[in-house]
1. Can you give the accessible area per residue of the stretch 172-292, in Å², using a 1.4 Å probe?
2. Accessible area per residue for the stretch 27-100 in Å², computed with a 1.4 Å probe and the full protein assembly in place, what is it?
3. Show me the GluC sites (Glu not before Pro) within the stretch 99-165 that DSSP assigns to loop and that have at most 13 other Cβ atoms within 10 Å of their Cβ.
4. Just want the answer: with Cβ charges of +1 for Lys and Arg and -1 for Asp and Glu, which residue in THR170, ALA256, PHE531 is farthest toward the dipole's positive end in the chain?
5. How would the stretch 370-481 be classified by its alpha-carbon gyration tensor: rounded, prolate or oblate, with rounded meaning a/c under 1.5 and the a/b versus b/c comparison settling the rest?
6. Percent of accessible area on the chain owned by carbon and sulfur, 1.4 Å probe?
7. Based on the Kirkwood radius over alpha-carbon pairs, what value in µm²/s does the Stokes-Einstein equation return for the translational diffusion coefficient of the stretch 250-303 at 10 °C and 1.306 mPa s?
8. If you add up the charges near LEU138, with Lys and Arg at +1 and Asp and Glu at -1, over every other residue whose beta carbon is less than 14 angstrom from its beta carbon, what do you get?
Amino acid sequence: MVRFLLLSSVLLASARAELIATFRQGDITDVRVDRLAAISVDKDEPPTPFLNPGKFEVTWTGNIDLSERRRLYFSFAGNGKATLLINGKEELTEQGELGTAKSKRLRLNPGLHQISVTYSSSEDGSATFRLYWQEEDLPRQTIPPTAYKTELTEDAKLGELKRHGRIAFTRHNCAKCHMPESGFGSTPMPETGEIAPITAGIGDRVTEEWLRKWLADPKAMKPSTTMPNLIDPTTPEGLQKASDLAAYLITSKTGAPPPPTPDPSLAKAGGVHFHELGCVACHNLPGDENKDRIPLNNVSSKFQPGQLFAYLKKPETYHPFTAMPNFQLSDEDAESLAAFLTTESQGKETKLDLNFPTGDATRGASVAESLHCGTCHPGLPGAISKAPGLDTVFKTDWIQKGCLSETDKRPELPKINLKTEDKQSLVAFAKTGIDSLKKDNRAEFAKRQIIEKRCTACHSIDDQASLLDSLHSTTFDLAAHVEGLNERVDQTRPQLTFVGEMLFTNYIESMLAGTVPTRPRPWLGTKMPAFPIYSKQIAEGLTRIHGFEPSSPEKIEPDPSLSAIGKTLVSAEGFGCTACHGIGNQAPTAAFEVGAVNFHLSPERLRKDYYHRWMENPAAVIPGNKMPRYGDGNESVRKDILDGDATKQYEAIWNWMHSEKQK
């Protein structure tokens with residue numbers, strides 16, 4: 001996932017990949033990069049956006065990279081037909097209900113071993129498939145993405161490049177001006193329906209001075225913006241347009257009383273929240289000129305008094321598709337954070353060497369109409385674009401004509417803020433036609449959203465650390481005065497590597513929507529924010545990435561005798577789990593370095609297969625975690641319980657957790 005867009009760049013021709021997935025459907029072939037040999041597709045869903053719903057075949061190829069000799073069995077799960085080749089030799093083939101057989105035990109020496117897995121869907125196009133490996137007497141394990149090492153083929157580079165172009169096309173709202181003549185259909189790529197910020201009431205929220213500068217040179221104000229430059233600020237006419245349009249926009253007011261202006265004395269407390277929430281992973285501190293993250297130096301000059309508080313409370317109010325998450329801040333936290341940002345950004349606003357004339361609102365309405373502002377911003381004039389339709393555009397050479405062309409100098413063309421790799425990917429996407437915009441695959445949607453919502457800013461995945469890991473220390477001074485800051489329980493945030501396999505879909509959705517009733521890790525200073533607009537689609541996509549169908553926990557009937565044994569095992573008389581894990585309202589007995597999720601939450605969160613593989617060897621699932629291992633192979637450290645059979649002991653704890661939850 002982390003490499004999903006990075007691999008798209010032609011500059012990374014030799015980048016490490018996980019697996020190359022080649023899809024075939026009739027005479028059509030599509031190639032992409034996958035982290036796992038896994039897939040889950042409904043019969044009405046295409047296996048990729050560049051194919052159609054219906055029967056398909058996919059082959060994953062690459063290498064398994066082993067650091068030591070392993071003796072392994074391989075097996076499948078799901079439905080359909082699958083064949084596994086290791087070093088060119090067929091080791092396993094199954095058809096129908098997969099998972100009833102496994103390969104012979106293979107001795108694999110250190111180094112690279114070629115792997116090829118070919119999977120055929122059901123006749124109706126539905127598909128469920130997962131690949132596992134396992135060692136003797138141990139639970140089967142999903143092969144981790146870090147075990148794969150594959151050089152990209154030219155087809156794989158092109159596949160990733162056109163995917164990058166597809167999301168760049170929607171990110172820059174290209175289809176808002178170039179509208180499809182027959183629409184996008186009933187199941188389009190979700191991003192085609194996104195809108196730019198709603199400007200209704202904008203006069204209550206932002207200053208006219210900031211609006212002028214933003215309209216004149218959006219890229220100077222925010223280097224990563226997708227807002228095109230529609231005005232030439234180097235001419236008197238352009239400056240007048242910026243002033244007129246700002247004067248017009250600022251007249252849009254609701255008449256509602258403004259929120260209270262934050263007390264500047266709260267700024268110090270706000271700095272603590274800035275550090276604790278890990279804001280630096282996405283934002284530069286005011287005054288920091290680093291352009292890799294979103295600047296905050298214009299906060300004070302942008303927001304009307306009290307409006308930053310309102311924005312922090314609910315960022316999606318006027319921009320439902322914003323990447324800015326909702327941290328569900330209390331009034332006190334939002335007020336202090338607003339005070340900190342306002343105070344810190346005063347006098348640090350972006351300086352533009354421009355002399356704006358006085359604006360006229362009436363002329364500004366005409367400017368909005370002429371620039372077709374309403375095509376992206378609902379409610380503004382100019383909602384009907386006069387640009388060529390989408391079908392026409394896709395028949396055009398984008399290098400020679402249009403917004404991407406360096407030779408087409410028509411003044412009416414917007415200047416889009418694109419990087420070199422964006423332009424290259426858009427050209428590659430242009431050659432695929434518009435059909436992929438009219439359909440989507442949920443797993444690929446979730447991959448894109450991990451990038452768009454900057455999930456890896458806070459979460460590590462596979463062998464890549466989160467951005468916050470390298471940046472958090474830069475804001476430590478903001479909270480250095482907090483007593484005990486360096487003595488807190490471990491602040492490691494959960495990894496994303498196996499999230500779709502680990503958690504039930506409905507639980508992931510509730511976390512993303514911000515509706516989960518109890519924080520699973522309340523000791524963390526950082527908080528999981530909400531992204532309500534796409535919570536269901538992302539949750540389903542994350543599940544399908546791992547080859548599972550979306551699901552919720554089923555009620556089980558715990559075995560009373562096993563539950564009693566499980567209760568002993570989690571206590572101080574057994575493995576001592578309650579030293580770190582609470583049980584409902586019962587606090588952990590001795591947790592002082594490591595926080596652990598309350599046992600009452602486990603039945604509603606964890607899939608059973610994941611639980612067992614985690615219990616067998618936590619460090620093999622998430623390297624570096626603090627969870628101890630209670631057995632070597634299937635031989636438990638407690639040989640006096642259930643004959644020392646670790647798997648049976650873990651099953652007893654599973655039964656106890658469910659019986660405890662049902663009390």
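The values are calculated or read from the model by the stated rules, or taken from the named source; none is laboratory data. In this text, all values refer to a predicted model and were calculated from it rather than measured experimentally. Heads up, the Cβs are rebuilt from the backbone with ideal geometry, glycines too, and the neighbour counts pull from every protein chain shown. The area values use the complete protein model at the heavy-atom level, side chains included, leaving out ligands, DNA and RNA. Shrake-Rupley method; radii C 1.70, N 1.55, O 1.52, S 1.80 Å.
1. Working: 5490 Å² over 121 residues.
Here the per-residue accessible area is 45 Å².
2. Details: 3010 Å² over 74 residues.
For the stretch 27-100, the per-residue accessible area is 41 Å².
3. Details: sites: GLU123, GLU135, GLU136, GLU151, GLU154, GLU160; in loops: GLU123, GLU135, GLU136.
The qualifying sites are GLU123, GLU136.
4. Of the options given, the answer is THR170.
5. Details: a/c = 2.24, a/b = 1.81, b/c = 1.24.
Since a/c reaches 1.5 and a/b is larger than b/c, the shape of the stretch 370-481 is classed as prolate.
6. Working: 15610 of 30030 Å².
Carbon-and-sulfur percentage of accessible area, whole number: 52.
7. Numbers: Rh = 13.5 Å.
The diffusion coefficient I find is 118 µm²/s.
8. Numbers: positive: ARG70, ARG71, LYS102, ARG105, ARG140, ARG613, ARG629, LYS648; negative: GLU135, GLU136, ASP137, ASP609, GLU616, ASP632, GLU635, ASP645.
Neighbour charge sum, excluding LEU138 itself: 0.
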